[in-house]
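The structure appears right after this line, and notes come after that.
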Amino acid sequence: MKKKTTLLSTLGGCVMIFCLWQLLSLAVNRPILPSPVQVVPLFVVNMTGELGLHFLASTARVLAAVLVATVFAAPLGLALGQLPRLDRVISPLIAIIYPIPKIIFLPVIYVLMGITDLSKITLIAIIIFFQILVVVRDEAAGLRQELILSVKSLGAGRRALFKYVYLPASLPAVLTALRVSVGTAVAVLFIAEQSLTSYGLGYYIVIETYQVLLYPEMYTGIMGMGLLGVLLYFSIYSIELKVGKHLFIE
Amino acid sequence: MIKVTNLRFGYGERGDIFDDFSVSMKKGEAWTIIGPSGCGKTTLLFLIAGLNTPAGGMISVGGQKIHRPRPRTGLVLQDHGLLPWATIFDNVRLGLEIRHFYGPDGKHSPADIELDQKRDRERVAYWLDRLNISNLQEMYPAQLSRGQRQRAAIARTLVMEPDMLLMDEPFSALDAPIREELQKVMNGFHREEGLTSLTVTHDIEEAVVLGEKILVLQQGCNVRPLIVDNHLLGEIDRKSDPEFVNRCSELRRLIAGAGEREGGR
């Protein structure tokens, strides 16, 4: 059974991080670490302006990557999990590729696809793809034959099996995989957005603020990226709670 | 009801376990299959359920040749096979849900069924109540005991109003008192509704309690069926009576004999 995160514990975490930040900024006392008292109001104001656009651009890229990765990885994972013969052929390949940090292919993808939004999205999608693939495959392989046989005996053919067994069995797994890989996705986005783009939080943080020493503004970008990660994490988590009620039984 | 004609079936390297095997079971009869492990009990059940395909010969149920699961046949397996992500209510409703999904197509669901959501709900409520699990309907399978899960699996099957029930070691994972209780429940269905049933078991007492006809299978290749007529069906409370004990030792001898025959080959 999984442990539920409550709203209260999340709020508690937020309060703690702002306190720590404030303490640290007092202790360091240099322009590179401004106080949240200065940054937070600036963040609120900037989000309605230029920063908001950067935020939206980054969000769109991550969401597109999540969508692309899920569309390709989930069906393939299901197939591998239910067809042991296919899995035996392909799994050594996946086992090797899985632990390789896919970000190292950034230059290759840039050269092959050009430095466009598409190449940035592809890079992030590749990373999430393997996370989802492995989790869905294991989940599908874990479906006991007895369960499938008894649902078949209730009259289910391939379509009904997909709807009533494979889909509900793999959905929570897809969501968990997404939730744990969304942090990596945002991190890769940060790197990918530093080159040849004009919108995106990575671009905003490094090119527009850090390189011109606008530290408080840089922190609004950092907050934006942090918020993006947190929002994605908790939206996926809240869908998980709805979809996988049986995993959260007290 | 069930007609097995000249059946041949085997698993590759182990050779045939059925060859030219014929047996027929009448409507309303309660049968049990018993034999040493690996003798093909479950295989025969799965063949009749349409989950395995014979290598030769033919199996027909209700006059129709079986080549895929038949909509009116109910199946209960040892490991309940409930969906872990669905509540007991949804699990029991699953079969009806699948019938709605396909409609009365005659292939996945009987061609003559009426699809009525309200009637379905009443039926689910009825069987939940009949198997004494109404109070558990909002729970998930993981929250239930084994016996309760097996009750849910039986309810799920009976909701479909099958004309024949196939069960593979349905109670072997249960504690003795719960097992006996469920055996009585099954006896009740047979007595009151004339349900045709075929139960695979490795438990000799259970074979006697659940079967008016007991099919004894042997290790190796089964050619001629060994059938024991048994009028002690449902007499679980008399299991210490000499008659019951004698029947059990007779079966034990038959099973051991079947094993010896294999040893002599």
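The values are calculated or read from the model by the stated rules, or taken from the named source; none is laboratory data. Small disclaimer: the values here were computed from a predicted structure and weren't measured. Cβ coordinates were reconstructed from backbone atoms using ideal geometry, including for glycine residues, and neighbour counts include every protein chain displayed.
Out of the residues in the range B:188-208 that are within 17 Å of B:L254 (Cβ to Cβ) and of a type in the set (A, V, I, L, M, F, W, C), state the one that is nearest to the chain's Cα centre (by Cα).
Taking the range B:188-208 first, the residues within 17 Å of B:L254 (Cβ to Cβ) are B:200-208.
Checking the rest, the ones that are also of a type in the set (A, V, I, L, M, F, W, C) come to B:200, B:204, B:207-208.
Details: B:V200: 6, B:I204: 16, B:A207: 12, B:V208: 15 Å.
Only one residue tops the list, namely B:V200.
Tell me which of these A:H246 doesn't satisfy, since it passes every other one: (1) farther than 26 Å from A:A73 by Cα; (2) surrounded by 14 or more Cβ atoms within 10 Å (Cβ to Cβ).
It fails just one condition, (1).
Does A:Y219 meet the test of being of a type in the set (F, W, Y), under 25 Å from the mean Cα position of the chain (by Cα), under 30 Å from B:H67 (Cβ atoms) and assigned to a helix (DSSP H, G or I)?
Considered against the rule, which asks whether it is of a type in the set (F, W, Y), under 25 Å from the mean Cα position of the chain (by Cα), under 30 Å from B:H67 (Cβ atoms) and assigned to a helix (DSSP H, G or I), A:Y219 comes out as no.
Tell me whether the range B:93-106 contains one or more residues that are small (G, A, S) and out of contact with any Lys or Arg (no Cβ under 8 Å at 6 or more places or on another chain).
Yes, the range B:93-106 has at least one match.
Look at B:V209 and say whether it is among the β-branched types (V, I, T) and in contact with a Leu (Cβ under 9 Å, 6 or more places away or on another chain). Lay out the reasoning, then the answer.
Working: among the β-branched types (V, I, T): yes; in contact with a Leu (Cβ under 9 Å, 6 or more places away or on another chain): yes.
So B:V209 fits the description; yes.
Counting only residues that are part of a helix (DSSP H, G or I) and within 19 Å of B:F171 (Cβ to Cβ), which one in the range B:45-86 is nearest to the other protein chains (Cβ to nearest Cβ)?
The extreme case among them is B:A49.
How do the helices (runs of 4 or more DSSP H) wholly within the range A:107-209 filter down when requiring 1 or more residues that are charged (D, E, K, R) and farther than 26 Å from A:H54 by Cβ: which remain?
Values: elements: A:117-141, A:145-153, A:158-161, A:167-192.
By residue number, A:117-141, A:145-153, A:158-161.
In the range A:93-144, which residues are aromatic (F, W, Y) and either surrounded by fewer than 16 Cβ atoms within 10 Å (Cβ to Cβ) or closer than 15 Å to A:V71 by Cβ (or both)?
Selection gives A:Y98, A:F105, A:F129, A:F130.
Quick check on B:A142: is it within 11 Å of another protein chain (Cβ to nearest Cβ), touching a strand residue (DSSP E or B) at 6+ places or on another chain (Cβ under 7 Å), on the phi < 0 side of the Ramachandran plot and at pLDDT 90 or above?
no
Run down A:Y204, A:Y210, A:Y215 and say which single residue is of a type outside the set (V, I, T), away from chain B (no Cβ under 14 Å) and crowded, with 22+ Cβ neighbours inside 10 Å.
Residue meeting the stated conditions: A:Y204.
Taking B:I133 and the conditions (1) away from every other protein chain (no Cβ under 14 Å); (2) surrounded by 22 or more Cβ atoms within 10 Å (Cβ to Cβ); (3) within 20 Å of the chain's Cα centre (by Cα), which numbered condition does it fall short on, given that it satisfies the others?
(3)
Only one residue in B:T32, B:T87, B:T43 is crowded, with 17+ Cβ neighbours inside 10 Å and not assigned by TED's automatic domain parsing to the domain that holds B:G211, so which one is that? Before the answer, list the steps.
Numbers: B:T32 fails: not assigned by TED's automatic domain parsing to the domain that holds B:G211; B:T43 fails: not assigned by TED's automatic domain parsing to the domain that holds B:G211.
Exactly one residue qualifies, and that residue is B:T87.
When you scan the range B:213-226, do you find a residue that is of a type in the set (K, R), in the same structural domain as B:G257 (by TED's automatic domain parsing), surrounded by fewer than 22 Cβ atoms within 10 Å (Cβ to Cβ) and within 16 Å of the chain's Cα centre (by Cα), even just one?
Looking for residues that are of a type in the set (K, R), in the same structural domain as B:G257 (by TED's automatic domain parsing), surrounded by fewer than 22 Cβ atoms within 10 Å (Cβ to Cβ) and within 16 Å of the chain's Cα centre (by Cα), one finds at least one in the range B:213-226, hence yes.
Give the residues of the range B:96-128 that are of a type in the set (D, E) and either in contact (Cβ under 8 Å) with a residue 60 or more places away in the chain or more than 10 Å from every other protein chain (Cβ to nearest Cβ) (or both), sorted by residue number.
Passing the criteria: B:D112, B:E114, B:D116, B:D120, B:E122.
For the range B:6-29, give me the residue count where each residue is polar (S, T, N, Q) and surrounded by 15 or more Cβ atoms within 10 Å (Cβ to Cβ). Write out each step before concluding.
Applying the first criterion (polar (S, T, N, Q)) to the range B:6-29 yields B:6, B:22, B:24.
From what's left, surrounded by 15 or more Cβ atoms within 10 Å (Cβ to Cβ): B:22.
Going through the range B:6-29 one residue at a time, the tally reaches 1.
Can you find even one residue in the range B:194-209 that is in contact (Cβ under 8 Å) with a residue 40 or more places away in the chain and over 28 Å from B:F21 (Cα atoms)?
no
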